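Enquirer: Handing you a structure now.
The values are calculated or read from the model by the stated rules, or taken from the named source; none is laboratory data. Remember, it's a predicted structure, so these values are computed and weren't measured experimentally. Because the Cβ atoms are built from the backbone with ideal geometry, glycine has one as well, and the counts that use them run over all protein chains shown.
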Amino acid sequence: MELNDWLALLGTLGGFEAIRWGITFWVNRKTDARKEDASADGMEIQNLLNIIKAQTEQIDNQEKRMGARDEKVDFLYRENNKLRSEQLDLIREKHELELRLKEAEIKKCDIRGCDRRQPPSDY
């Protein structure tokens, strides 16, 4: 093909605009490739940021749930300790009453007519 054939073919495909587009494409091919890479990288970074945001929200929700559970556990421990102290108080009262009953059995007077008499205090 000769130069005239190339020019005729170029003229039929769009003339000067085709030449300008071809030159622009050839000159800017590396820049356009970098722009496409940068755009793809930006989309990937945005996707990663969205993933990190979602994971942060999940962590926050888990921390809230754990905080609520910790409050429940603390409440149950307080209730348990309160019941234990009440139980220990009841056991202490029971032992005191048993001691008084034993003392009363020891000081009891079985002799006739001594129901109004005070037993000696050296028991």
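Enquirer: Considering Ala33, Ala104, which residue is assigned to a helix (DSSP H, G or I), among the small types (Gly, Ala, Ser) and more than 30 Å from Leu7 (Cα to Cα)?
Expert: On the way: Ala33 fails: more than 30 Å from Leu7 (Cα to Cα).
Only one candidate qualifies: Ala104.
Enquirer: Considering only residues that are at pLDDT below 75, assigned to a helix (DSSP H, G or I) and surrounded by fewer than 12 Cβ atoms within 10 Å (Cβ to Cβ), which ones fall in region 8-22?
Expert: Leu9, Thr12, Phe16, Glu17
Enquirer: Picking from Lys30, Lys53, Lys107, which residue would you name as being at pLDDT 95 or above and either among the charged types (D, E, K, R) or surrounded by 10 or more Cβ atoms within 10 Å (Cβ to Cβ) (or both)?
Expert: Just a single option satisfies the conditions, and that option is Lys53.
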